[in-house]
1. Say we look at region 193-241 and pick out the residues that are surrounded by 19 or more Cβ atoms within 10 Å (Cβ to Cβ) and among the hydroxyl-bearing types (Ser, Thr, Tyr); which of these is farthest from GLY97 (Cα to Cα)?
2. Considering VAL254, VAL249, which residue is within 28 Å of the chain's Cα centre (by Cα), hydrophobic (A, V, I, L, M, F, W, C) and at pLDDT 90 or above?
3. Give VAL208, VAL204, VAL194, VAL231 a once-over and let me know the one that is outside any helix (DSSP H, G or I), hydrophobic (A, V, I, L, M, F, W, C), in contact (Cβ under 8 Å) with a residue 60 or more places away in the chain and under 23 Å from VAL144 (Cα atoms).
4. Would you point out the residue of region 37-53, among those that are modelled with pLDDT under 80 and of a type in the set (A, V, I, L, M, F, W, C), that is nearest to LEU180 (Cα to Cα)?
5. Take region 268-287 and flag every residue that is buried (at least 17 other Cβ atoms within 10 Å of the Cβ) and of a type outside the set (A, V, I, L, M).
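The values are calculated or read from the model by the stated rules, or taken from the named source; none is laboratory data. Fair warning: this is a prediction, and the values are worked out from it, not measured in the lab. Don't worry about glycine lacking a Cβ; one is built from the backbone with ideal geometry, like all the others, and counts go over all protein chains shown.
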Amino acid sequence: MNSSEIQDFDHHEHAVHASGAEFRSGPFYLVLFLNLALFAASLGLGLLTHSLALISNAFHLLSDLGALGVGVLAAWASSRPASARHSFGMVKAEVLGALVTTLLLIGVSVAIVYAAVMRLVGHHLVGPLDSGGLDISAVGIAGVLVNLVSLFAFARQDRRSALVRANLIHFFSDGIGWVLALIAGLLILRYGFVAADPLASIGVSILVILASVRVLLDVTNVLMDAVPSQVDAGEIRRIMLDVPGVEDVHHLHVWNLSSTAVALSAHLVMREGISLHEAQARSVLLKERLAEQFGISHATLEMECHVCEAPEHAEDAGPK
């Protein structure tokens, strides 16, 4: 096999690049401060007025604050270099962070729904509503403004990151929650419709649970080393078999190192007579194509002269 045949496989040269998410911790600190202040105001007024809408949003904020703290830690851990113990580095830290914060958010939302239902049926777990709605509306306006700032800050992050997507969902859901709290406050203030408070908390909790389930499924797929949804393993196999000199492909595995970085390993059986240099040239070209078409940042290809399960080389078979 000569060099011109290799060029027929790929006419362009491409650099293999990592596809890890760019994670900047700067916006976290601004959002952390704003949400911490909002949490204190929401929880304080919620306990004072017995508003479930404010208390539910405060606990949702608590989970967001936890997510922000985990985000800063994950950003630091993900940037750590590989070591003898962690050969891929700690790139899964942001996935674990997304898992913890999403589970926390689901748990809090379920508890809020239960408390709201109890209030609607007359069992006031946190006391009857003691507010004319003005406090709820005022904090609702502040919540909408803080969530707009938070969403803008996170929208500028790399949204391929599971942790960034989880935080965007959290703040978007919380934004809807503050709008519902604002509406509930206005309904109480204008019409005395006190049931608007628990109904608002139920509405935002359901939205948060539904949004969180999607993130939870994505995170679970990464932790279970499932084939990434954007990758077609069958198409990868066809591309490999199109490489001049490749006769078979087996032990093909594709998985996520993190929510953004994709890894691959495969064994390629090469045609008899191909030199080690030619096999390596095909391996380099194939890695470039995998990086370009599928965003696979780490590919390990084992080039073989026969199927690896075979007990001996074909030319050595027979009696000795």
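1. The qualifying residue farthest from GLY97 (Cα to Cα) is SER201.
2. Details: VAL249 fails: within 28 Å of the chain's Cα centre (by Cα).
After applying the criteria, what remains is VAL254.
3. The unique qualifying residue is VAL194.
4. Among those residues, the one meeting the criterion is ALA53.
5. Result: GLU278, ARG282, SER283, LYS287.
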